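Read the structure below first, then the notes.
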Amino acid sequence: MRLRHPNIRPALEPVRVRFDGNDIEALPGETIAAALAAVDIVAVRRARSGAPRGPFCGMGVCFDCLVTVDGRPGQRACLTEVRAGMDIRSSQEVDLPRTAPTTSPAEEIACDVLWWVRDRPA
């Protein structure tokens, strides 16, 4: 996240990116999540329930900060570095892959089991 203090000056000139049609300034080298947080934008998508979601884990493990970057959906804002001219869009809903329900009962299969105990005397 970006530190705010009157005596701290950015080492590089800010770049401009667009988030949901609005221009924002970002510092080269920071992530999309950090750039958005610096301008007080913390919700980057909506869950199926309509609840706002934003960066949670900060290391790409969760799916809460997914955005669309230059037309590519499912990009993690916490890992994606900003570039000048990026078009970033919030995501309304994320469809995670789901496993199909099993329609038939599981089949029982008999098998032999090898039992081995370490350092067992012969």
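Readers should treat all values here as calculations from the given coordinates under stated rules, not as data from a laboratory. Note that the structure is a prediction, hence the values are computed from the model and not measured. FYI the Cβ positions are ideal-geometry reconstructions off the backbone, even for glycines, and counts take in every protein chain you see.
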### Message
For segment 16-90, place one equal point scatterer on every Cα, skip the solvent, and apply the Debye formula. What is log10 of I(q)/I(0) at q = 0.16 Å⁻¹?
### Response
-0.47
### Task
Which order do the peptides 60-69, 30-39 take when ranked by the mean count of other beta-carbon atoms within 10 Å per residue, highest first?
30-39, 60-69
